[in-house]
Amino acid sequence: MNDDADFTRFVQDRGPELLRLAVALTGDRDQAEDVVQGALERLYGRWGRVRRRGDPEWYVRRSIVNAVRDGWRGRRRHPEVLGLAAEEHSDQVAYAPIDEVLTRDAVRGALACLPPRQRMVITLRYWGGCTEAETARLMGISVGTVKSQAHRALKELRGRLHTTEIAQGARR
């Protein structure tokens with residue numbers, strides 16, 4: 001099989017998941033598309049070597065995480081909103097009961113208030129399904145840092161969500 005066809009198949013198979021990861025990390029679909037495009041361009045230039053080593057998805061995930069982190073540093077500001085991928089399949093109509101919509105909005109709002117590193121840890125660990133060790137490796141930090149950042153983030157999220165729940169109950 002030639003490298004171009006193999007790379008194309010990889011992008012077709014893993015591209016949507018990589019984009020969802022980038023959207024969750026950046027909070028902005030347009031920025032996420034740019035990040036994924038750049039990561040895939042870098043991967044394409046090294047495709048043969050990375051594929052022979054056996055884990056091209058790991059390489060591109062690491063590139064995405066690094067690009068998001070570099071973007072935060074470069075702007076000296078952090079994304080204000082964490083948005084999850086907008087309806088990936090706009091041709092499909094989805095029904096979401098109002099309680100689910102309110103819950104999703106409350107979680108997005110609480111996540112948006114987290115510092116970028118905590119948001120990244122939570123996104124990789126709980127949304128991306130990475131282990132603590134994988135998260136540490138992707139972010140270039142220690143496992144202990146992943147644990148402490150996750151602990152702090154979850155504590156903050158619980159507090160914010162509890163406050164939101166109380167406020168919504170008072171409005172009813």
* Under the Karplus relation 6.51 cos²θ - 1.76 cosθ + 1.60, θ = phi - 60°, what is the ordered set of whole-Hz ³J(HN,Hα) values for the stretch 120-137, x standing for Gly and Pro? -> 5, 4, 4, 4, 5, 6, 9, 9, x, x, 7, 6, 4, 5, 5, 4, 4, 5
* **Projected label distance in nm at residue 155 and residue 42, using a 7 Å step from Cα toward the beta-carbon** => 3.3 nm
* Distance from the stretch 1-63 to the stretch 107-122 (C-alpha centre basis), Å -> 24 Å
* Structure fact -> Residue separation between residue 33 and residue 66 times 0.36 nm, minus their alpha-carbon distance, gives in nm 10.4 nm
* How far, in nm, would the chain grow between residue 131 and residue 55 when pulled straight, counting 0.36 nm per residue and subtracting the alpha carbon separation? -> 25.7 nm
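Laboratory data are not the source of any read-out in this text; all were calculated from the coordinates shown. Just so we're clear, the structure is a prediction, and the values are computed from it rather than from any experiment. Cβ coordinates were reconstructed from backbone atoms using ideal geometry, including for glycine residues, and neighbour counts include every protein chain displayed.
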